[in-house]
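Here's the structure, in C-alpha coordinates; my notes come after.
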Amino acid sequence: MQVAVAARQLARLAEGRLRRAVAKTTIHRLLSRRDIPLRETTLWRMLYETAARAAEILALNVEDLDLEHRRAPVRSKGGAVEWVYWDSGTAHLLPRLLRLPDGTTRTLGPLFLSERRLVPARRPAAADICPHTGRARLGYDRARVLLEKYAGLDLHQLRHSAATHLGDAEIPLQLIMGKTRHKNPRTAMRYVKPGAEAIAKVTEVLAPRRRSH
(Lines give C-alpha, C1' and ligand atoms only; values in the text may rest on other atoms or scores of the structure.)
Protein backbone atom coordinates (compact mmCIF):
# COMPACT_ATOMS: atom_id res chain seq x y z
CA MET A 1 0.00 0.00 0.00
CA GLN A 2 2.79 2.41 0.95
CA VAL A 3 4.64 1.54 -2.26
CA ALA A 4 1.57 2.37 -4.34
CA VAL A 5 1.14 5.72 -2.57
CA ALA A 6 4.81 6.57 -3.08
CA ALA A 7 4.53 5.68 -6.78
CA ARG A 8 1.53 7.98 -7.21
CA GLN A 9 3.35 10.80 -5.44
CA LEU A 10 6.36 10.38 -7.73
CA ALA A 11 4.07 10.36 -10.77
CA ARG A 12 2.42 13.61 -9.64
CA LEU A 13 5.82 15.21 -9.07
CA ALA A 14 6.99 14.13 -12.52
CA GLU A 15 3.82 15.47 -14.15
CA GLY A 16 4.19 18.77 -12.34
CA ARG A 17 7.76 19.05 -13.54
CA LEU A 18 6.74 18.38 -17.14
CA ARG A 19 4.19 21.17 -16.95
CA ARG A 20 6.58 23.67 -15.38
CA ALA A 21 7.66 26.41 -17.74
CA VAL A 22 11.27 27.57 -17.70
CA ALA A 23 12.06 31.29 -17.73
CA LYS A 24 12.99 32.68 -21.13
CA THR A 25 16.30 33.98 -19.78
CA THR A 26 17.16 30.50 -18.49
CA ILE A 27 16.51 28.94 -21.89
CA HIS A 28 18.55 31.56 -23.73
CA ARG A 29 21.45 31.06 -21.32
CA LEU A 30 21.26 27.31 -21.89
CA LEU A 31 21.28 27.73 -25.66
CA SER A 32 24.28 30.07 -25.46
CA ARG A 33 26.51 27.73 -23.46
CA ARG A 34 29.76 26.81 -25.19
CA ASP A 35 30.15 23.46 -23.43
CA ILE A 36 27.12 21.94 -25.15
CA PRO A 37 27.61 20.07 -28.47
CA LEU A 38 26.18 21.51 -31.67
CA ARG A 39 23.68 18.68 -32.08
CA GLU A 40 22.09 19.29 -28.67
CA THR A 41 22.06 23.07 -29.07
CA THR A 42 20.35 22.74 -32.46
CA LEU A 43 17.80 20.22 -31.21
CA TRP A 44 16.87 22.20 -28.10
CA ARG A 45 16.64 25.49 -29.97
CA MET A 46 14.53 23.88 -32.67
CA LEU A 47 12.20 22.37 -30.07
CA TYR A 48 11.81 25.75 -28.40
CA GLU A 49 11.35 27.80 -31.57
CA THR A 50 8.92 25.35 -33.19
CA ALA A 51 7.06 24.51 -29.94
CA ALA A 52 6.81 21.03 -31.44
CA ARG A 53 6.77 17.66 -29.73
CA ALA A 54 10.22 16.11 -29.34
CA ALA A 55 9.21 12.92 -31.14
CA GLU A 56 8.11 14.98 -34.16
CA ILE A 57 11.42 16.81 -34.46
CA LEU A 58 13.52 13.71 -33.89
CA ALA A 59 11.62 12.00 -36.72
CA LEU A 60 12.60 14.68 -39.24
CA ASN A 61 14.83 13.84 -42.19
CA VAL A 62 17.19 16.26 -43.89
CA GLU A 63 15.11 16.15 -47.06
CA ASP A 64 12.06 17.34 -45.05
CA LEU A 65 13.63 20.70 -44.30
CA ASP A 66 12.48 23.78 -46.16
CA LEU A 67 15.50 25.87 -45.19
CA GLU A 68 14.46 28.86 -47.27
CA HIS A 69 11.12 29.24 -45.51
CA ARG A 70 12.33 27.89 -42.14
CA ARG A 71 9.77 25.14 -41.87
CA ALA A 72 9.26 21.38 -42.09
CA PRO A 73 6.30 18.99 -42.24
CA VAL A 74 5.69 16.72 -39.24
CA ARG A 75 3.15 14.00 -38.60
CA SER A 76 0.92 14.91 -35.66
CA LYS A 77 -0.56 12.58 -33.05
CA GLY A 78 -3.66 12.07 -35.19
CA GLY A 79 -1.58 11.21 -38.26
CA ALA A 80 -2.16 14.47 -40.11
CA VAL A 81 0.78 16.22 -41.79
CA GLU A 82 1.31 19.69 -40.28
CA TRP A 83 4.01 22.35 -40.58
CA VAL A 84 6.34 23.58 -37.86
CA TYR A 85 8.29 26.83 -38.15
CA TRP A 86 11.59 27.94 -36.64
CA ASP A 87 13.37 31.26 -36.34
CA SER A 88 16.83 32.67 -37.11
CA GLY A 89 18.58 30.86 -34.24
CA THR A 90 17.75 27.42 -35.64
CA ALA A 91 18.26 28.65 -39.21
CA HIS A 92 21.82 29.66 -38.30
CA LEU A 93 22.65 26.30 -36.71
CA LEU A 94 21.16 23.86 -39.23
CA PRO A 95 23.77 24.37 -42.01
CA ARG A 96 26.53 23.70 -39.48
CA LEU A 97 24.77 20.56 -38.26
CA LEU A 98 24.43 19.25 -41.83
CA ARG A 99 28.06 19.94 -42.79
CA LEU A 100 30.25 16.84 -43.20
CA PRO A 101 33.97 16.73 -42.30
CA ASP A 102 34.95 16.92 -45.99
CA GLY A 103 33.03 20.18 -46.41
CA THR A 104 30.04 18.71 -48.23
CA THR A 105 26.51 18.75 -46.84
CA ARG A 106 24.16 15.94 -45.84
CA THR A 107 21.13 15.87 -48.14
CA LEU A 108 19.34 12.68 -47.06
CA GLY A 109 18.60 10.68 -43.94
CA PRO A 110 17.83 11.50 -40.31
CA LEU A 111 18.38 15.11 -39.27
CA PHE A 112 19.66 14.33 -35.77
CA LEU A 113 22.17 11.49 -35.62
CA SER A 114 23.37 9.31 -32.78
CA GLU A 115 26.99 9.76 -31.77
CA ARG A 116 27.34 6.01 -31.27
CA ARG A 117 28.29 3.57 -34.00
CA LEU A 118 25.77 0.97 -35.09
CA VAL A 119 25.75 -2.41 -33.39
CA PRO A 120 24.94 -5.23 -35.86
CA ALA A 121 22.64 -6.96 -33.38
CA ARG A 122 20.57 -3.79 -32.94
CA ARG A 123 20.62 -2.41 -36.46
CA PRO A 124 17.68 -0.01 -37.03
CA ALA A 125 15.52 0.26 -40.12
CA ALA A 126 17.21 1.59 -43.25
CA ALA A 127 15.15 4.80 -43.03
CA ASP A 128 16.78 5.54 -39.67
CA ILE A 129 20.36 5.29 -40.95
CA CYS A 130 22.22 8.21 -42.50
CA PRO A 131 23.49 7.26 -45.99
CA HIS A 132 26.36 9.74 -45.67
CA THR A 133 27.78 8.64 -42.30
CA GLY A 134 26.23 5.26 -41.55
CA ARG A 135 25.07 6.56 -38.16
CA ALA A 136 21.58 5.97 -36.79
CA ARG A 137 18.84 8.43 -35.91
CA LEU A 138 19.10 9.97 -32.44
CA GLY A 139 16.57 8.28 -30.16
CA TYR A 140 14.14 9.96 -27.79
CA ASP A 141 15.59 8.30 -24.69
CA ARG A 142 19.14 9.43 -25.47
CA ALA A 143 17.96 12.98 -26.23
CA ARG A 144 16.03 13.02 -22.95
CA VAL A 145 19.04 11.85 -20.95
CA LEU A 146 21.30 14.53 -22.45
CA LEU A 147 18.94 17.41 -21.65
CA GLU A 148 18.61 16.07 -18.11
CA LYS A 149 22.39 15.86 -17.86
CA TYR A 150 23.16 19.38 -19.08
CA ALA A 151 20.19 21.31 -17.73
CA GLY A 152 18.08 19.13 -15.45
CA LEU A 153 15.12 19.62 -17.79
CA ASP A 154 12.71 17.38 -19.66
CA LEU A 155 12.26 17.62 -23.43
CA HIS A 156 8.57 18.52 -23.08
CA GLN A 157 9.48 21.56 -20.98
CA LEU A 158 10.91 23.28 -24.07
CA ARG A 159 7.57 23.04 -25.88
CA HIS A 160 5.63 24.00 -22.76
CA SER A 161 7.93 26.95 -22.07
CA ALA A 162 7.65 28.25 -25.64
CA ALA A 163 3.85 28.21 -25.45
CA THR A 164 3.90 29.84 -22.01
CA HIS A 165 6.18 32.62 -23.23
CA LEU A 166 3.81 33.29 -26.12
CA GLY A 167 1.01 33.60 -23.60
CA ASP A 168 3.12 35.94 -21.45
CA ALA A 169 3.64 38.10 -24.53
CA GLU A 170 -0.15 38.40 -24.86
CA ILE A 171 -0.26 36.47 -28.13
CA PRO A 172 -3.91 35.61 -28.90
CA LEU A 173 -5.05 32.10 -28.01
CA GLN A 174 -5.85 31.29 -31.63
CA LEU A 175 -2.27 32.00 -32.69
CA ILE A 176 -0.84 30.00 -29.80
CA MET A 177 -3.01 27.07 -30.88
CA GLY A 178 -1.76 27.52 -34.43
CA LYS A 179 1.84 27.43 -33.24
CA THR A 180 1.51 24.49 -30.86
CA ARG A 181 -1.14 22.78 -33.03
CA HIS A 182 -3.38 22.08 -30.06
CA LYS A 183 -6.91 21.24 -31.19
CA ASN A 184 -8.70 21.83 -27.89
CA PRO A 185 -8.92 25.48 -26.70
CA ARG A 186 -9.30 24.28 -23.11
CA THR A 187 -5.93 22.55 -23.32
CA ALA A 188 -4.25 25.63 -24.78
CA MET A 189 -5.86 27.99 -22.26
CA ARG A 190 -3.24 27.06 -19.64
CA TYR A 191 -0.67 28.95 -21.70
CA VAL A 192 -2.68 32.15 -21.55
CA LYS A 193 -2.49 32.13 -17.75
CA PRO A 194 0.10 34.80 -16.90
CA GLY A 195 3.44 33.56 -15.62
CA ALA A 196 5.78 35.23 -13.13
CA GLU A 197 7.51 37.36 -15.77
CA ALA A 198 4.21 38.65 -17.18
CA ILE A 199 2.88 39.48 -13.71
CA ALA A 200 6.09 41.32 -12.83
CA LYS A 201 5.81 43.35 -16.03
CA VAL A 202 2.18 44.26 -15.36
CA THR A 203 3.10 45.30 -11.82
CA GLU A 204 5.16 48.13 -13.29
CA VAL A 205 1.90 49.80 -14.29
CA LEU A 206 1.08 50.24 -10.59
CA ALA A 207 4.34 52.04 -9.81
CA PRO A 208 4.29 55.83 -9.26
CA ARG A 209 4.77 57.84 -12.40
CA ARG A 210 8.26 59.24 -12.75
CA ARG A 211 8.57 62.96 -12.61
CA SER A 212 9.85 64.66 -15.70
CA HIS A 213 12.21 67.60 -15.34
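Could you say which residue among Leu47, Leu31, Leu43 is open to solvent by less than 50 Å² (accessible area, probe 1.4 Å), in contact with a Gly (Cβ under 8 Å, 6 or more places away or on another chain) and in a helix (DSSP H, G or I)? Talk me through it step by step, then tell me what you get.
Details: Leu47 fails: in contact with a Gly (Cβ under 8 Å, 6 or more places away or on another chain); Leu43 fails: in contact with a Gly (Cβ under 8 Å, 6 or more places away or on another chain).
The conditions single out Leu31.
Between residues in segment 51-73 that are in contact (Cβ under 8 Å) with a residue 60 or more places away in the chain and residues that are small (Gly, Ala, Ser), which pairs lie under 6 Å by C-beta distance while being six or more apart or on different chains?
Ala51/Ala162; Ala51/Ala163
Just one of the numbered conditions (1) free of Cβ contacts under 8 Å to residues at least 40 places away in the same chain; (2) surrounded by 16 or more Cβ atoms within 10 Å (Cβ to Cβ); (3) among the charged types (D, E, K, R) is not true of Lys149; which one?
(2)
Given the options Glu197, Glu170, name the one that is acidic (Asp, Glu) and closer than 18 Å to Arg20 by Cα. If you could, list the steps in order and put the result at the bottom.
On the way: Glu170 fails: closer than 18 Å to Arg20 by Cα.
Answer to the check: Glu197.
For residues that are farther than 18 Å from Thr105 by Cβ and touching a Ser or Thr at 6+ places or on another chain (Cβ under 9 Å), scanning just segment 72-84, find the one that is most open to solvent (accessible area, probe 1.4 Å).
Glu82
Taking Ile57 as the residue in question, decide whether it is in contact with a helix residue (DSSP H, G or I) (Cβ under 9 Å, 6 or more places away or on another chain), surrounded by 15 or more Cβ atoms within 10 Å (Cβ to Cβ) and assigned to a loop (DSSP other than H, G, I, E, B). Can you show your working first?
Details: in contact with a helix residue (DSSP H, G or I) (Cβ under 9 Å, 6 or more places away or on another chain): yes; surrounded by 15 or more Cβ atoms within 10 Å (Cβ to Cβ): yes; assigned to a loop (DSSP other than H, G, I, E, B): no.
Taking the combined requirement at face value, the residue does not satisfy it.
One line per residue, one yes/no per condition, for (1) small (Gly, Ala, Ser); (2) within 22 Å of Lys201 (Cα to Cα):
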site	(1), (2)
Ala136	yes, no
Leu146	no, no
Tyr150	no, no
Asp154	no, no
Ala162	yes, yes
His165	no, yes
Gln174	no, no
Lys179	no, no
Asn184	no, no
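Residue by residue through segment 165-186, note down the ones that are open to solvent by less than 40 Å² (accessible area, probe 1.4 Å), outside any helix (DSSP H, G or I) and either farther than 23 Å from Val81 by Cβ or out of contact with any helix residue (DSSP H, G or I) (no Cβ under 6 Å at 6 or more places or on another chain) (or both).
Arg181
Looking only at segment 63-88, which residues are of a type in the set (Asp, Glu) and over 20 Å from Leu31 (Cα atoms)?
Those that are of a type in the set (Asp, Glu) and over 20 Å from Leu31 (Cα atoms): Glu63, Asp64, Asp66, Glu68, Glu82.
Here is a yes/no grid of residues against (1) among the aromatic types (Phe, Trp, Tyr); (2) out of contact with any helix residue (DSSP H, G or I) (no Cβ under 9 Å at 6 or more places or on another chain):
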residue	(1), (2)
Trp44	yes, no
Asp66	no, yes
Thr90	no, no
Asp102	no, yes
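Determine which single condition Leu93 fails, assuming it passes every other condition in (1) in contact with a strand residue (DSSP E or B) (Cβ under 7 Å, 6 or more places away or on another chain); (2) hydrophobic (A, V, I, L, M, F, W, C); (3) assigned to a helix (DSSP H, G or I).
Failing condition for Leu93: (1).
Name the single residue that is farthest from Ala59 (Cα to Cα) among those in segment 134-164 being assigned to a helix (DSSP H, G or I) and small (Gly, Ala, Ser).
Start the filter on segment 134-164 by keeping residues that are assigned to a helix (DSSP H, G or I), which leaves 140-151, 155-164.
With small (Gly, Ala, Ser) added as a condition, the list becomes 143, 151, 161-163.
Working: Ala143: 12, Ala151: 23, Ser161: 21, Ala162: 20, Ala163: 21 Å.
Ranking the qualifying residues of segment 134-164, first place goes to Ala151.
The values are calculated or read from the model by the stated rules, or taken from the named source; none is laboratory data. Keep in mind it's a predicted model, so treat the numbers as computed, not measured. Note: ideal-geometry Cβ built from the backbone for every residue, glycine included; neighbour counts use all protein chains shown. Each accessible area value is taken on the protein alone, full model and side chains, heavy atoms only, with ligands, DNA and RNA left out. Shrake-Rupley method; radii C 1.70, N 1.55, O 1.52, S 1.80 Å.
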